[in-house]
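Written out below as structure tokens is the structure these notes cover.
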Amino acid sequence: MEYISTRGSAPRLDFEGVTLAGLAADGGLYLPGDWPRFSEAEIRALRGKPYPELAATIMRPFVKGSLTDDELDAMCAAVYGHFGHAAVTPLVQLNEQHWLLELFHGPTLAFKDVALQMLGHLFETFLARRDQKMMIVGATSGDTGSAAINAVANRDNVAIVMLHPKGRVSDVQRRQMTTVRAANVYNLAIDGSFDDAQAHVKRMFRDEDVTGTLKLGAVNSINWARLMAQVVYYFYSALQLGSPERKVAYSVPTGNFGDVFAGYVAAQMGLPIERLIVATNVNDILHRALSDGDYSAGGVTPTITPSMDIQVSSNFERLLFDCGGRNGPALAGQMEAFEASKAMRLTNEQARGASALFTSIRADQDDTARALAWAYRETAQVIDPHTGVGLHAGIEAGKTGLVGQDVPIVTLATAHPAKFPDAVERAVGVRPALPQRVGDLFGREEHFSEISGEYESVRDFVLQNAVSA
Ligand SMILES: *Cc1c(COP(=O)(O)O)cnc(C)c1O
């Protein structure tokens, strides 16, 4: 499979190349040159397959030329054989129309594990093959950091330095990072905000003193391999609900537009998806873009759904490219103008293409709390606030007839409620307990270095510890 950049001028790469590159050299994001398609008969034949086997079948066309069938099968078995639920992503029925797809049975209790666990194995395999070593450097405000650390811990040829703003991530989130014992994991608590930490990371990728001696790696959701791994659970859930004979709609709590874009990919591959509902919190750039073509960044308002508190959604560029006629140079111009002014309008072609499959619904804090209370009262499910944003949007879509009554609506449950116990307790009066498998999180020893907020101290730390990378 050959991959192309959304901005048209970066070299075409194979799957191994895009996995190790992350962002394209022209500032764009990589996408497959063509969407692989499954016929109705081929989709029907996937029914009843265990998750690891289904995962290998869905990913096979995307990794062609970079992994043999045996390598891919072994990797999927290793990654998806160790989740906290035998079904990996179980589907739970709420009422006649509504379902939850539980994506939080990985090691760090959020959906990011489903893809990052795979990415850890891919890095290890590709780096060993090239006899290269890579140092992953990232900044986190919570979920991504812990999922990335757990994915990379004890993998060969790769090390990770994760920056978090000191005192500004939750206890559960910090402990999920700092209690991992592995020689290739470094946690840095820095003085400053998440944005400061993120700025250091960006600067480091442009710092030739660093890039001249180290191969830096990134794990954010612009990495194509992450999106690819997320396509699998759309197929998995739709097949259980009667696909391909029956269409299914999805409501997806959205931040960076990665998870919901994976649903778009599933639709391009032939899965009959009725509608993709982009559920946002009050940080609603995507809702404004999809409802009236206005893609303009504002400030970020902190909410009870921190993993969706974003200013811009990097993966949205992939949709604009695919819906806008795949015109790299035109999109490069549009994105450069956006980066300069922080605002742009979708073209008619982009808006029309997006509206064929996507609808957006915004949930404020009260909407979210009501969705949590409804789920608890009516279905005895304690759900996390991010899932609550999605469920609010799913219920609205059903009520208003946006999605017909005969179409199942699946809300993606992106985090375990115990990751956000305070907000859950306020909404439903119950404090969710951590699942048994992570139950001793508060008994384990923490390991992290504290470091001042200056860029130079972070850079020196990375260079000093690079030997083991
Ligand atoms: C990251 C995250 C999201 C947002 O997912 P995107 O792929 O960035 O749209 C939603 N919920 C939770 C719990 C997350 O960790």
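The values are calculated or read from the model by the stated rules, or taken from the named source; none is laboratory data. Since we're looking at a predicted model, the values are computed, not measured. Please note: Cβ atoms are built from the backbone with ideal geometry, for glycine as well, and neighbour counts cover all protein chains shown.
Residue-level check: of (1) away from the ligand (no atom under 16 Å from the Cβ); (2) closer than 24 Å to His85 by Cα, Val407 misses just (2).
You will find that of Arg352, Arg318, the residue that is basic (Lys, Arg), within 16 Å of the ligand (Cβ to nearest atom) and closer than 21 Å to Gly263 by Cβ is Arg318 and no other.
Scanning segment 434-457 for residues that are among the acidic types (Asp, Glu) and part of a helix (DSSP H, G or I) yields a count of 1.
So which helices (runs of 4 or more DSSP H) are wholly in segment 159-263 and hold at least 1 residues that are closer than 24 Å to Ala363 by Cβ, at pLDDT below 90 and among the aromatic types (Phe, Trp, Tyr)?
On the way: elements: 171-178, 194-206, 208-211, 224-240.
Output list reads 194-206.
Leu29 passes every criterion in (1) closer than 28 Å to Gly242 by Cβ; (2) touching a residue at least 60 places away in the same chain (Cβ under 8 Å) apart from (1).
Here's the yes/no breakdown for (1) buried (at least 24 other Cβ atoms within 10 Å of the Cβ); (2) among the hydrophobic types (A, V, I, L, M, F, W, C); (3) more than 29 Å from Trp99 (Cα to Cα):
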residue	(1), (2), (3)
Met308	yes, yes, no
Gly333	no, no, yes
Ala340	no, yes, yes
Met344	no, yes, yes
Thr347	no, no, yes
Ile361	yes, yes, no
Ala369	no, yes, no
Tyr376	no, no, no
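The residue list Thr254, Thr305, Thr213 contains one member that is within 13 Å of the ligand (Cβ to nearest atom) and more than 14 Å from the chain's Cα centre (by Cα), which is Thr305.
Considered as a group, the residues in segment 118-154 that are over 21 Å from Asp460 (Cβ atoms), away from the ligand (no atom under 16 Å from the Cβ) and surrounded by 22 or more Cβ atoms within 10 Å (Cβ to Cβ) include one that is nearest to the chain's Cα centre (by Cα), and that residue is Gly120.
The number of residues in segment 257-288 that are in contact with a strand residue (DSSP E or B) (Cβ under 6 Å, 6 or more places away or on another chain), in contact (Cβ under 8 Å) with a residue 60 or more places away in the chain and either within 13 Å of the ligand (Cβ to nearest atom) or not hydrophobic (A, V, I, L, M, F, W, C) (or both) comes to 12.
Restricting attention to segment 422-460 and to residues that are within 16 Å of the ligand (Cβ to nearest atom) and farther than 19 Å from Leu103 by Cβ, the residue that is surrounded by the most Cβ atoms within 10 Å (Cβ to Cβ) turns out to be Ala427.
Within segment 376-432, the residues that satisfy the criterion of being under 26 Å from the mean Cα position of the chain (by Cα) and of a type in the set (Gly, Ala, Ser) are Gly388, Gly390, Ala393, Gly394, Ala397, Gly398, Ala413, Ala415, Ala418, Ala423, Ala427.
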